[in-house]
1. Are any residues in the range 1-28 modelled with pLDDT of 95 or more, acidic (D, E) and loosely packed, with under 15 Cβ neighbours inside 10 Å, and if so, which ones?
2. Only residues that are within 16 Å of the chain's Cα centre (by Cα) and either aromatic (F, W, Y) or open to solvent by less than 70 Å² (accessible area, probe 1.4 Å) (or both): list them for the range 86-100, please.
3. Does N140 fit the bill of being under 18 Å from S20 (Cβ atoms) and open to solvent by 60 Å² or more (accessible area, probe 1.4 Å)?
4. With respect to the numbered conditions (1) of a type in the set (A, V, I, L, M, F, W, C); (2) at pLDDT 95 or above; (3) within 13 Å of the chain's Cα centre (by Cα), which one is the sole condition not fulfilled by A74?
5. So F152 fits all but one of (1) buried (at least 17 other Cβ atoms within 10 Å of the Cβ); (2) of a type outside the set (V, I, T); (3) in a helix (DSSP H, G or I); what number is the exception?
6. Which residues, counting only those in the range 29-48, are within 18 Å of the chain's Cα centre (by Cα) and surrounded by fewer than 18 Cβ atoms within 10 Å (Cβ to Cβ)?
7. Give me the pairs: first residue in the range 189-208 and in contact (Cβ under 8 Å) with a residue 60 or more places away in the chain, second residue part of a helix (DSSP H, G or I) and among the polar types (S, T, N, Q), beta-carbon distance under 9 Å, and six or more apart or on different chains, which are they?
Amino acid sequence: MNLAETIASDLLEIGAVTLSPNEPFTWASGLKSPIYCDNRLTISYPIIRTRIAKGIADIIREKYPETEVIAGTATAGIPHAAWIADELKLPLIYVRTKPKDHGTGQQIEGRLIKDQKVVLIDDLISTGGSVIQAVKAARNEGADVLGVVGIFSYELESSTTNFAEINTKFNTLTNYSTLIKVAKEQDKINATEKTLLEKWRVNPNNWQ
């Protein structure tokens, strides 16, 4: 298996990803989804979290070699960002979901110097909404945000559109298509379920 397939297998093995095309989950938005992803579980598995940190560090070395600062998105991106920053021997900051309502009211924690080149780390990219807000917050504080790197992407068309609108690149270690492929190879889903899962990615509002 390549790294994307290995990470997908890791997520399935520890239950970070659950596939249920016949009894879909309901997201906070009301969207019915055949997949539930909780990548926070990865922090409890040293071998897996190390594989993730090294994999994302390699993406940053290849795609964003001029990176000067690693930023984690609150809260799920923070631990991974810390391990990645350590792997790359780079400074670490993190971005709050909103400015503090006391003290200096800052939204960025850690030392950020104007025009420093930053890569943001998130655990999961669905529509991109939350991490895009973090990108905007970092830019408002003077960061030169080069891109976003995450563990897993649902590969929804809306995420591509949303990142394009703010002129930001994004990469992930693994993605929905790879996960479905690995799940089928491991007999975690059958052919009918695989078809349903593939339909959801193409049209998440009309797939059942």
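1. E13
2. Those that are within 16 Å of the chain's Cα centre (by Cα) and either aromatic (F, W, Y) or open to solvent by less than 70 Å² (accessible area, probe 1.4 Å) (or both): Y94, V95.
3. On the way: under 18 Å from S20 (Cβ atoms): no; open to solvent by 60 Å² or more (accessible area, probe 1.4 Å): yes.
So N140 does not fit the description; no.
4. Here A74 clears every test but (2).
5. (3)
6. Narrowing the range 29-48 to residues within 18 Å of the chain's Cα centre (by Cα): 33, 35-45, 48.
Answer for the range 29-48, where residues must be within 18 Å of the chain's Cα centre (by Cα) and surrounded by fewer than 18 Cβ atoms within 10 Å (Cβ to Cβ): Y36, D38, R40, L41, I43, S44, Y45.
7. P204/S158
The values are calculated or read from the model by the stated rules, or taken from the named source; none is laboratory data. Here the structure is a predicted model, which means the values were calculated and not measured. Glycine also receives a Cβ, built like all others from the backbone with ideal geometry; neighbour counts cover every protein chain displayed. Quick note on the areas: whole protein, heavy atoms, side chains included, nothing else; ligands and nucleic acids left out. Shrake-Rupley method; radii C 1.70, N 1.55, O 1.52, S 1.80 Å.
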